[in-house]
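*Asks:* Right, I'll just put the structure down here and ask away after.
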Amino acid sequence: MSILNSYTRQMARQGIAILSVSILLALLVNHLRPDGLTLPGDWSDESRVALDSGETLVVSLGEAQELFEAKQAIFLDARPRSAYESGHIRGALSLPWETFDEHFESVMGALQEDMTLIAYCDGESCSLSHDLAKALVEMGFERSRVLINGWSAWRESGLPTSMGEVDGMMPAPGEHRGENRP
Amino acid sequence: MTRIIQKVLRIFLGLVFLYACWDKILHPDAFALVIYNYQILPAPLIHFTALVLPMLELMLAIGLLFGIWLPGVLLLSNLLLAVFFSALLFNAARGLDIHCGCFSAASDDGVPAATSQYILRDVAFLAVSLFLLLQHYREKRGAVA
């Protein structure tokens, strides 16, 4: 029993020592190398908008603008309905992430799966659009993209916007718009 | 005879860890993405883990290859392989098909093998590691008795 005890103690002591040396050495090497990682690390923007395969869904403002002008993409507003009504990218459809399951069919039912979709919300750290785009990819809309900080970026660039609740292509009347009327 | 098997397995496991840590130490950013894709660790711990894990594997490789501090080395190698096992199993259970990043930091180097293969391989390494720990303990006990 005492041998087991002393062996266990030895394991624990050495284990902690090896772990400590590994941590110190890892941090030291990382500090010295020019391409070292930042600590604790930022997983909030592009890197977070990646599929499990590592492929990023991010679309740049420039690309989004080109697609908008060529009418080759459908914009989806992932923010709550009230935010959409007080201003949104012109032609965008409202598909709030918080009611995704409820409204998916009425908003997306008419769209083809091979359409380019651009989800957006507001703020660098807003993840509604990320979640929406990932969910859409899972539903088969493989060309779903995310415009990070979309609403602010779009508005600040002076690109076309609209206000109010009805805009562009909308779901069949009487579906869910009436109940959200102010 | 057991002695020879023990030594061969110890060096084998050491080489496995050495091989496993190499690419991860060279490409910590790519390895961080692999860890992120596991979707287990909270974001603030991802980079830290991406740095420390390969270094720990290197330390274990050195310990195993040269037979230094075996009680501690074998304890950690068992724990580490058990952690890998749990992570793989956890993601297999929730149907997350990920690249395991076991021996490479790249998350996109070809078609990933089935998660079950990763799990079986990890179990094999874990068995080796556990065998080595028990044998080493037995030896110590024998030497004292």
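*Asks:* Specify, per residue and in Å³, the volume enclosed by the convex hull of the alpha carbon atoms belonging to the range A:1-41.
*Replies:* 56
*Asks:* For the charge dipole of the range A:1-101, defined by +1 on Lys and Arg C-beta atoms and -1 on Asp and Glu C-beta atoms about the Cα centroid, which residue among A:GLY15, A:GLN65, A:ILE3 has the Cα displaced farthest towards the positive pole?
*Replies:* Positive-end residue among those listed: A:ILE3.
*Asks:* Return the long-range amide H neighbours of A:VAL58 (sequence gap of 5 or more, or a different chain), with a cut-off of under 5 Å between placed amide H atoms.
*Replies:* Counting only residues 5 or more places away or on other chains, the set is A:VAL146.
*Asks:* Bin width 20 Å, origin at 0, all Cα-Cα pairs of the protein assembly as shown: what percent of pairs per bin?
*Replies:* Per 20 Å bin, starting at 0, the Cα pair percentages come out as 27, 41, 23, 8, 0.
*Asks:* Same structure again: Counting only residues 5 or more places away or on other chains, whose amide H sits under 5 Å from the amide H of A:LEU76 once H atoms are built in the peptide plane?
*Replies:* Distant-sequence amide H within range of A:LEU76: A:LEU93, A:ILE118, A:ALA119, A:TYR120.
*Asks:* Counting C-alpha atoms alone, how compact is chain B: give Rg to one decimal and Dmax as a whole number, in angstrom.
*Replies:* 16.0, 54
*Asks:* Report, to the nearest 10°, how far helix B:43-66 tilts away from the longest principal axis of the Cα atoms in chain B, using its own Cα long axis and a range of 0 to 90°.
*Replies:* Approximately 30 degrees, to the nearest 10.
*Asks:* Right, another one. Pick from B:ALA50, B:ALA92, B:ALA61: which is most flexible by mean-square fluctuation in a GNM of chain B where alpha carbon atoms under 10 Å apart are linked?
*Replies:* B:ALA92
*Asks:* Separate question: List, largest first, the extents of the alpha carbons of the range A:95-166 along their principal axes, each in whole Å.
*Replies:* Here the spans come out as 32, 26, 23 Å, largest first.
*Asks:* Let me ask something else. Can you put A:ARG33, A:ARG143 in order, fewest other beta carbons within 10 Å first?
*Replies:* So the ranking, lowest neighbour count to highest, is A:ARG33, A:ARG143.
*Asks:* In the calculated pair distance distribution of the range A:4-136, what percentage of Cα-Cα distances lie above 19 Å?
*Replies:* Everything past 19 Å amounts to 64 percent.
*Asks:* Could you list the trypsin sites (Lys or Arg not before Pro) in the range A:55-133 that lie in coil according to DSSP, counting only those with at most 12 other Cβ atoms within 10 Å of their Cβ?
*Replies:* Answer in residue order: A:LYS71.
*Asks:* Given only helices, namely DSSP H runs of n ≥ 4 each adding -39500 (n - 2.57), what is the per-residue ellipticity at 222 nm of chain B, to the nearest 500 deg cm²/dmol?
*Replies:* -27500 deg cm²/dmol
*Asks:* Residues in the range A:1-21, backbone N under 16 Å from the label point at B:LEU79 (7 Å along the Cα-to-beta-carbon vector): list them, ranges by number please.
*Replies:* Taking a point 7 Å out along Cα→Cβ of B:LEU79, the residues of the range A:1-21 whose backbone N falls under 16 Å are A:7-21.
*Asks:* Which of the GluC sites (Glu not before Pro) found in the range A:1-105 are loop residues per DSSP with 14 or fewer other Cβ atoms within 10 Å of their Cβ?
*Replies:* Counting only loop positions with at most 14 other Cβ atoms within 10 Å, the GluC sites (Glu not before Pro) in the range A:1-105 are A:GLU55.
*Asks:* How large is ³J(HN,Hα) for each residue in the range A:68-78, as worked out from phi by the Karplus curve 6.51 cos²θ - 1.76 cosθ + 1.60 (θ = phi - 60°), to whole Hz, x for Gly and Pro?
*Replies:* Those phi angles translate into 5, 5, 7, 6, 9, 9, 9, 8, 10, 8, 8 Hz.
Just so you know, all these numbers are worked out from the coordinates, no wet-lab data involved. Since the structure is predicted, the reported quantities are computational estimates derived from the model, not experimental observations. Cβ sites come from the backbone with ideal geometry, for glycine too, and all protein chains shown count toward neighbours.
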